[in-house]
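Chemist: Have a look at the structure that comes next, please.
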Amino acid sequence: MADLFIDGEWTGTAAGGRREVINPFDGSVIRSVDEADATDADRAVRAARHAFDSADWAYTPTRRRADILYRVHELLLRDTEEIARTETQDTGKTLTEARTDVADVAAAFRYFAEIADKDAGRVVDAGPDVLSRVVHEPVGVCVLIAPWNYPLLQASWKVAPALAAGNTFVLKPSEITPLSTIMMVRLIEEAGAPRGVANLVLGSGATVGAALTAHPEADLVSFTGGLATGRAIMASAASGVRTTALELGGKNPNVIFADADFDAAVDHTLEASFLHQGQVCSAGSRLLVQDSLHDRFVTALAARADRIRLGDGRDPDTESGPLSSAEHRAKVEAYIELGRSEGARLVTGGHRPDDPGLSRGFFLLPTVFADCDRTMRIVQEEVFGPVVTVERFRTEDEAVALANDTRYGLAAAVWTGDASRAQRVANRLRHGTVWINDFHPYLPQAEWGGFGQSGVGRELGPTGLREYQETKHIYQNLRPAPSGWFKG
Ligand code: NAD
């Protein structure tokens with residue numbers, strides 16, 4: 001079965017390229033998929049351009065577009081188990097997490113269906129002889145590029161608002177984890193999206209991704225992925241002055257004051273650090289603990305980290321799976337070596353598990369480094385693996401300064417029993433999301449995105465729809481007459 005979806009047809013690639021998709025639990029081949037090239041990318045963008053310019057979709061009443069989104073929501077719920085199993089095989093994450101992801105994807109479609117027609121613009125008062133309206137229109141052809149850690153979820157935060165706003169799109173998932181995205185595009189087709197509105201190409205970032213983001217017929221690029229790729233995409237979009245939305249990495253501070261609820265803080269810190277093997281853009285990978293609590297907290301955290309059950313995501317006893325690929329594990333291992341050489345103290349982990357049952361997968365033990373300081377690269381750079389660094393602080397001011405001492409600014413958390421301090425610190429943190437006495441929850445109704453080099457723009461919430469809209473001012477003179485500006 002062909003894996004690219006271009007102009008309403010499932011199709012193979014022009015040059016016949018294929019790529020094997022690997023299960024990171026044991027290195028086996030799940031299946032091979034079509035591997036597109038720049039020619040296929042061009043075909044897909046032209047199909048999206050044609051569908052947009054024919055204007056049917058853009059001018060379809062918003063309610064009718066929303067109905068398609070509601071239908072996708074229903075179909076996702078119908079197929080949850082099948083999609084979740086595929087996501088688990090492809091990413092290595094546990095089935096429980098994959099099921100949660102699919103539920104969150106469905107919720108994103110429902111949310112954007114709900115808000116699609118809630119803001120038709122506004123009328124501006126310019127006197128009785130003028131009708132002045134500000135309206136929102138689709139941007140046009142959207143190139144949507146997604147990463148491998150939350151393949152379906154990150155794609156849905158782009159696809160759902162793009163469709164709700166009346167755009168057409170070309171979606172490219174990560175070449176490492178394309179399978180659930182193929183399933184989602186099949187559901188969008190089943191829900192009744194017209195020909196050419198939704199297009200899917202698979203392939204590497206360097207060829208297909210670069211061809212899409214630099215394509216002169218694209219109006220908008222929305223990208224989620226690493227900082228270096230984001231920079232390259234922003235540079236390539238500059239030539240066409242294309243709107244560019246970027247959701248990039250993070251090095252997210254998790255700040256624990258001594259008066260925090262100890263058990264809750266340790267438990268959530270474990271999740272903040274090691275959920276999905278730390279391959280989470282908002283992972284709490286930079287732990288800051290108040291001096292008087294530090295030793296007790298680190299001891300408790302390391303003891304819990306040692307008990308995390310690694311294994312096959314499909315096994316209900318598994319609490320965490322492997323890393324996404326052999327290459328990515330090698331990168332994380334290099335960071336662990338760097339941490340050691342920089343003088344961080346390895347409290348636990350730092351190597352592959354001894355269990356022979358895990359030897360074919362891309363596993364690493366949950367790793368805690370203490371005695372870290374702000375000058376270390378392991379503290380400043382995104383490792384994107386099961387590695388947490390711990391620093392000490394004494395005062396509230398010092399905690400805020402350390403938490404803001406990053407080029408990123410995606411998310412942060414503060415743990416304290418003092419409600420006033422919680423608000424004071426949250427107000428001063430320069431991060432796009434701040435959790436108080438919690439870690440990781442997000443809501444489709446609330447904006448998600450980064451300060452600093454964590455990105456440009458916001459997904460989710462009303463702003464997440466606005467990203468896919470142009471704003472137009474329509475001014476009508478209701479009493480036309482000569483203006484008399486020039487006298488001759
Ligand atoms: P990546 O940058 O390597 O790849 C992301 C996507 O970009 C893939 O589809 C890839 O094929 C494509 N790509 C690569 N080079 C390209 C190029 N030159 N032109 C166009 N496309 C290109 O990122 P990744 O390793 O897949 O994902 C991990 C990163 O994503 C981490 O840094 C993580 O923090 C970030 N992330 C951010 C968020 C967020 O919401 N801010 C969410 C998830 C992941």
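The values are calculated or read from the model by the stated rules, or taken from the named source; none is laboratory data. The structure presented is a predicted model; accordingly, all values stated were derived computationally and were not measured. Positions of Cβ are backbone-derived with ideal geometry, glycine not excepted, and every protein chain shown enters the neighbour counts.
Chemist: For residues that are surrounded by fewer than 24 Cβ atoms within 10 Å (Cβ to Cβ), within 26 Å of S325 (Cβ to Cβ) and in contact (Cβ under 8 Å) with a residue 40 or more places away in the chain, tally how many sit in the stretch 100-110.
Modeler: 1
Chemist: Within the stretch 190-204, count every residue that is crowded, with 20+ Cβ neighbours inside 10 Å and closer than 17 Å to P173 by Cβ.
Modeler: Matching residues across the stretch 190-204 total 6.
Chemist: When residues of the stretch 88-99 are filtered for being under 18 Å from the mean Cα position of the chain (by Cα) and in contact (Cβ under 8 Å) with a residue 24 or more places away in the chain, how many remain?
Modeler: 7
Chemist: Return the residues of the stretch 356-371 that are touching a Leu at 6+ places or on another chain (Cβ under 9 Å) and not in a strand (DSSP E or B); say none if nothing qualifies.
Modeler: L358, G361, F362, F363, L364, L365, P366, listed by residue number.
Chemist: So which of L465, L460 is in contact (Cβ under 8 Å) with a residue 40 or more places away in the chain, on the phi > 0 side of the Ramachandran plot, in contact with a Pro (Cβ under 7 Å, 6 or more places away or on another chain) and not basic (K, R)?
Modeler: That would be L460, the only listed residue that is in contact (Cβ under 8 Å) with a residue 40 or more places away in the chain, on the phi > 0 side of the Ramachandran plot, in contact with a Pro (Cβ under 7 Å, 6 or more places away or on another chain) and not basic (K, R).
Chemist: A follow-up question, please. How many residues does the stretch 409-433 contain that are surrounded by fewer than 16 Cβ atoms within 10 Å (Cβ to Cβ) and assigned to a strand (DSSP E or B)?
Modeler: Looking only at that region, the number is 0.
Chemist: Tally up the residues in the stretch 337-362 that are hydroxyl-bearing (S, T, Y), surrounded by fewer than 16 Cβ atoms within 10 Å (Cβ to Cβ) and within 30 Å of the chain's Cα centre (by Cα), please.
Modeler: 1
Chemist: Further question on the same structure: Hand me the list of strands (runs of 3 or more DSSP E) wholly inside the stretch 107-149 holding 3 or more residues that are farther than 19 Å from R63 by Cα.
Modeler: Ranges flagged: 130-138, 141-145.
Chemist: Output yes when any residue across the stretch 71-87 is within 17 Å of the chain's Cα centre (by Cα) and either crowded, with 20+ Cβ neighbours inside 10 Å or outside any helix (DSSP H, G or I) (or both), and no when none is.
Modeler: Among the residues of the stretch 71-87, at least one is within 17 Å of the chain's Cα centre (by Cα) and either crowded, with 20+ Cβ neighbours inside 10 Å or outside any helix (DSSP H, G or I) (or both), which makes the answer yes.
Chemist: A follow-up question, please. Does V379 qualify as being buried (at least 21 other Cβ atoms within 10 Å of the Cβ), in a strand (DSSP E or B) and either of a type in the set (F, W, Y) or under 26 Å from the mean Cα position of the chain (by Cα) (or both)?
Modeler: no
Chemist: Same structure again: Of the conditions (1) assigned to a helix (DSSP H, G or I); (2) in contact with a Phe, Trp or Tyr (Cβ under 6 Å, 6 or more places away or on another chain); (3) over 27 Å from V45 (Cα atoms), V289 fails just one. Which one is it?
Modeler: So V289 meets the others, but not (1).
Chemist: Another question, then. Enumerate the pairs (first residue in the stretch 209-225 and over 13 Å from A162 (Cβ atoms); second residue anywhere and among the basic types (K, R) and near the ligand (Cβ under 8 Å from one of its atoms)) with beta-carbon separation below 9 Å, excluding pairs fewer than 6 apart on the same chain, so at least 6 apart or on different chains.
Modeler: G209/K172; L212/K172
Chemist: Filter the stretch 265-286 down to the residues that are part of a helix (DSSP H, G or I), of a type in the set (A, V, I, L, M, F, W, C), surrounded by fewer than 24 Cβ atoms within 10 Å (Cβ to Cβ) and within 16 Å of the ligand (Cβ to nearest atom) and list them by number.
Modeler: Initial filter on the stretch 265-286 (part of a helix (DSSP H, G or I)): 265-278.
Those still in the list that are of a type in the set (A, V, I, L, M, F, W, C) too: 265-266, 270, 272, 274-275.
Filter once more, keeping what is surrounded by fewer than 24 Cβ atoms within 10 Å (Cβ to Cβ): 266, 270, 275.
Once the filter is applied, which keeps residues that are part of a helix (DSSP H, G or I), of a type in the set (A, V, I, L, M, F, W, C), surrounded by fewer than 24 Cβ atoms within 10 Å (Cβ to Cβ) and within 16 Å of the ligand (Cβ to nearest atom), the stretch 265-286 yields only L275.
Chemist: Touching a strand residue (DSSP E or B) at 6+ places or on another chain (Cβ under 8 Å) and closer than 30 Å to V221 by Cα: is that true of V456 in this structure? Steps first, answer last, please.
Modeler: Details: touching a strand residue (DSSP E or B) at 6+ places or on another chain (Cβ under 8 Å): yes; closer than 30 Å to V221 by Cα: yes.
Judged against the criteria, V456 is a match.
Chemist: Of all residues in the stretch 434-478 being part of a strand (DSSP E or B) and surrounded by 22 or more Cβ atoms within 10 Å (Cβ to Cβ), which is farthest from the ligand (Cβ to nearest atom)?
Modeler: Checked the stretch 434-478; the qualifying residue farthest from the ligand (Cβ to nearest atom) is W435.
Chemist: Tell me, which residue of the stretch 380-404 that is under 28 Å from L323 (Cα atoms) and acidic (D, E) is nearest to the ligand (Cβ to nearest atom)?
Modeler: Among residues in the stretch 380-404 that are under 28 Å from L323 (Cα atoms) and acidic (D, E), the one nearest to the ligand (Cβ to nearest atom) is E382.
Chemist: So, of the residues in the stretch 203-260 that are among the hydroxyl-bearing types (S, T, Y), within 22 Å of T39 (Cα to Cα) and within 10 Å of the ligand (Cβ to nearest atom), which turns out to be nearest to the chain's Cα centre (by Cα)?
Modeler: The residue in question is T229.
Chemist: Right, here's the next one. Taking the stretch 1-34 only, how many residues are in a loop (DSSP other than H, G, I, E, B), among the acidic types (D, E) and under 13 Å from G203 (Cα atoms)? Steps first, please.
Modeler: At the first step, the residues of the stretch 1-34 found to be in a loop (DSSP other than H, G, I, E, B) are 1-3, 7-8, 12-17, 23-28.
Now narrow it down to the ones that are among the acidic types (D, E): 3, 7, 26.
The next check asks that each one be under 13 Å from G203 (Cα atoms); those that pass are 3.
Adding up the residues that qualify gives 1.
Chemist: Also, quick follow-up: Consider the stretch 151-202. How many of its residues are within 15 Å of the ligand (Cβ to nearest atom) and among the acidic types (D, E)?
Modeler: Within the stretch 151-202, residues that are within 15 Å of the ligand (Cβ to nearest atom) and among the acidic types (D, E) number 1.
Chemist: Something else: Here's a check for you: in the stretch 1-38, which residue that is of a type in the set (A, V, I, L, M) and farther than 30 Å from D315 by Cβ is modelled with the lowest pLDDT?
Modeler: A14
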